[in-house]
1. Hydropathy at least 1.6 by Kyte-Doolittle, axial extent at least 15 angstrom from the Cα trace: which helices of chain B, defined as entire DSSP H runs, fit?
2. Give me the angle, in degrees from 0 to 90, between the Cα long axis of helix A:151-163 and the longest principal axis of the Cα atoms of chain A, rounded to the nearest 10.
3. What residues qualify as long-range amide H neighbours of A:G75, i.e. H under 5 Å apart, gap of 5 or more or another chain, H built at 1.01 Å from N?
4. Given springs between every Cα pair under 10 Å in a Gaussian network model of chain A, which of A:F51, A:F30, A:F203 has the largest fluctuation?
5. Expressed in nm to one decimal, what extension gain is obtained for the pair A:E247 and A:E193 from 0.36 nm per residue of sequence separation less their Cα-Cα distance?
6. In degrees between 0 and 90, to the nearest 10, how far off the longest principal axis of chain A does helix A:107-117 point, with axes built from Cα atoms?
7. Could you give the length gained by full extension between B:A98 and B:V196, i.e. 0.36 nm per residue of separation minus their alpha carbon distance, to one decimal place?
8. As I understand it, the value is the acute angle between the Cα axis of helix A:280-290 and the longest principal axis of the Cα atoms of chain A; what does it come to in degrees, rounded to 10?
Amino acid sequence: MQRGCTVSISPGDEILISDGLSAHGLSKRFGDLVALDGLDLTVGRGQLVGFLGPNGAGKTTTMRAILGLTALDGGTISWDGAPMSVENRRDIGYMPQDRGLYPRMRVGEHIAYIGRLAGLSREGAADKARHWAERVGLGDRENDLIQELSTGNQQRVQLAVALVHEPTLLVLDEPFAGLDPVAVAMLSTVMAERVAGGASVVFSSHQLDLVQDLADELTIVSDGKTRVTGSTSELRRRSPTRLLRIEWDGPEPSWAPENATRLDAPPGVSVFRVPASSDSARLIAEAAREGTFASISYEPPGLEDVFLEIVAS
Amino acid sequence: MNGPNLVFEVAYRELRTHARTTAFKAITAFLVAAAIVGPVVVALWPDEDGARQVSIGLADGADRSLEETIVALAQGGLDVEFVPLSGRSQADTEAALASGDIDVIVDAPDTLVWDSQVDAPLAAILGAALQQRALLVRGEAYDLSENDVRQLLTPVDIADRIVDMTESSDFILAIAALGLFAGFLIPQVFGQLTLVSVVEEKSTGVVEVLLGHIHPRTLLLGKVLGLTLLAIGQILVFLAGLGAAMFATDSIDVSGSVWSFVPVLAVSLIGGLVFFNTLFALLGSLISRQEDASQVILPVVAPLMVGFIVGQLAIGGRADTTIIRVLTFVPPITPMLLPIRVARDAVAPWEVAAALSLLVLASWAMIRAAARVYEFTLLHSGSRVSWKKAWGFVRARPGSE
């Protein structure tokens with residue numbers, strides 16, 4: 001989906017300039033604390049990027065820097081190949097981690113108010129507010145005060161606030177935190193629709209199963225640095241380990257492959273972490289010699305394991 | 001939308017959101033009720049001076065024809081009752097004096113008997129009546145009729161011309177006193193409303209969403225404008241109620257000098273509101289929790305207290321002292337002192353112009369300083385930002401943190 005080209009900035013220093021968002025070499029210190037240490041992030045047009053990292057990795061600081069809320073010590077942020085302008089930033093739809101709504105405003109007028117600040121006309125903002133209130137399932141609560149809503153419904157309003165001006169770039173910090181399954185499904189659908197419409201979406205989350213299902217590409221960061229970038233399947237493939245899972249049809253043997261680590265598994269099932277360089281055919285043959293099995297699989301680890309491997313490294 | 005439109009959008013939200021709170025509606029309703037009820041109650045209250053009743057005892061020697069003269073002279077001032085004392089003993093009449101049943105005894109042609117002290121207004125009326133009676137008697141000796149004597153005694157109309165205007169009209173002084181109270185109270189009430197609004201935006205995190213779309217300066221200006229307009233609206237509603245009640249009860253006498261005084265009061269109040277609303281917005285940006293508000297508010301309330309105390313001295317007639325003259329030029333205090341000095345006519349035109357100019361300049365400087373601090377502190381959470389650090393932000397280049 002990503003369109004782009006590689007250009008030479010200076011000898012030995014190449015960056016990818018693409019349609020959409022490009023953050024390169026971001027650095028930021030808060031006193032002695034290094035929050036960002038040359039972090040890179042790219043989100044192409046019509047691309048949904050999962051932005052992952054442990055707590056304190058620099059995700060929120062990066063998102064705030066994209067919004068212009070945090071002044072950077074170094075690095076560049078560009079949109080469609082040009083430095084991010086004030087007008088570009090006003091067009092961003094943002095959902096902060098801590099959320100942020102006026103408790104004593106009504107649902108409809110709050111959504112419309114942010115639409116006005118984002119540049120919509122009074123009538124346009126009112127129309128879009130109605131549309132998005134309906135879309136996030138709060139059409140019948142437009143006149144309710146925000147403080148009268150449940151936490152989950154307040155998050156729906158927060159999403160509508162981020163979407164009211166139908167931005168070309170959506171920055172969502174932990175958008176799924178605290179949502180019920182219905183709201184998660186709604187949010188996932190909305191994000192997919194925006195991406196299908198050509199918007200760029202970057203979101204952070206600790207719910208890796210959701211990230212795995214939704215994101216076209218992942219950027220995993222820790223200690224203010226970008227560790228890896230790629231699709232879920234690419235990152236899994238790049239893992240230095242594989243998982244060998246055997247469901248025995250009979251007594252479970254005490255056998256373990258060479259250089260393997262036995263993982264917790266239910267009775268009658270053996271799960272081993274083995275080096276990616278292992279010969280899968282040989283492992284299956286060895287297992288067949290040790291006992292009979294109902295099924296056997298050899299595959300890259302899941303995203304959660306990949307994430308832990310990368311962060312630990 | 002451009003910058004000014006965004007400021008108005010923010011201001012409109014502030015105005016609308018705060019104006020519909022129950023607390024604001026209740027306070028406004030109370031103020032309007034007080035404005036209407038106050039003049040009505042004063043108008044309906046019995047006029048004690050006009051209604052004072054006195055009992056005048058007439059001894060045997062007193063001329064009964066005095067009654068008519070006394071009543072004529074006391075008209076509008078005293079409600080006179082005459083008590084004939086013929087046949088009563090001296091002890092009895094003195095006991096009536098002591099008990100207060102009788103205020104004074106007219107004894108013989110030219111003697112007034114009092115209990116323990118002379119009642120000056122009553123003595124003046126009785127004295128004038130006795131003098132008149134005596135002159136009528138003397139006039140007869142010169143063949144002058146009673147009518148001739150009365151014509152000679154008809155008082156000449158005396159016009160008043162006041163040279164020392166420091167004793168201004170009660171009405172203007174009352175408005176100035178109201179202005180002092182307003183200049184003391186309103187900046188605090190609406191300033192704290194501004195502070196609470198800023199802290200709410202920080203604590204709920206909504207400021208992060210807002211700053212994604214608008215500049216901190218725009219947010220500050222919109223907030224100050226909205227809450228200043230809200231305050232002006234409340235003041236106007238109060239004054240409308242007060243004016244209507246005063247006109248209805250015929251207890252207002254708007255002279256030409258009022259219209260030269262009102263603009264000074266209005267500019268002072270609006271300038272004070274802008275100055276303090278901006279200052280309180282700055283203070284709100286230094287803290288993250290409502291509980292910390294008192295730490296930053298206390299140092300600001302001190303000059304307001306000074307202004308209020310000094311303002312009371314000015315109302316009391318010391319509007320021309322050096323200390324009051326100097327303090328009039330201190331912007332946070334100007335809104336309280338300047339209207340009083342104008343009401344007392346104790347200020348030169350250049351002083352009015354200079355004080356108001358300084359107030360406008362100070363408000364402008366406060367907006368500039370607060371906008372700088374705002375840029376650095378709006379996203380700050382946790383402990384209070386120190387005064388030293390805040391001053392550093394005022395001097396820092398925007399976006400340099």
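Where a number appears in this text, it was derived from the coordinates with a stated rule and is not lab data. None of the values given here were measured: they were computed from a predicted structure. As a convention, Cβ positions derive from the backbone with ideal geometry for all residues, glycine included, and neighbour counts pool all protein chains shown.
1. Values: long enough: B:3-19 (24 Å, -0.25); B:22-44 (32 Å, 2.11); B:120-141 (31 Å, 0.84); B:170-204 (50 Å, 1.27); B:216-248 (48 Å, 1.67); B:256-286 (47 Å, 1.79); B:293-313 (30 Å, 1.80); B:349-377 (41 Å, 0.98).
In chain B, the long hydrophobic H runs are B:22-44, B:216-248, B:256-286, B:293-313.
2. Approximately 70 degrees, to the nearest ten.
3. Here A:S27 satisfy the definition.
4. A:F30
5. Full extension of this stretch gives 15.4 nm more.
6. Around 80 degrees separate the two axes.
7. Values: separation 98, 0.36 × 98 = 35.28 nm, distance 6.40 nm.
Full extension of this stretch gives 28.9 nm more.
8. Between the helix axis and the principal axis of chain A, the angle is about 50 degrees.
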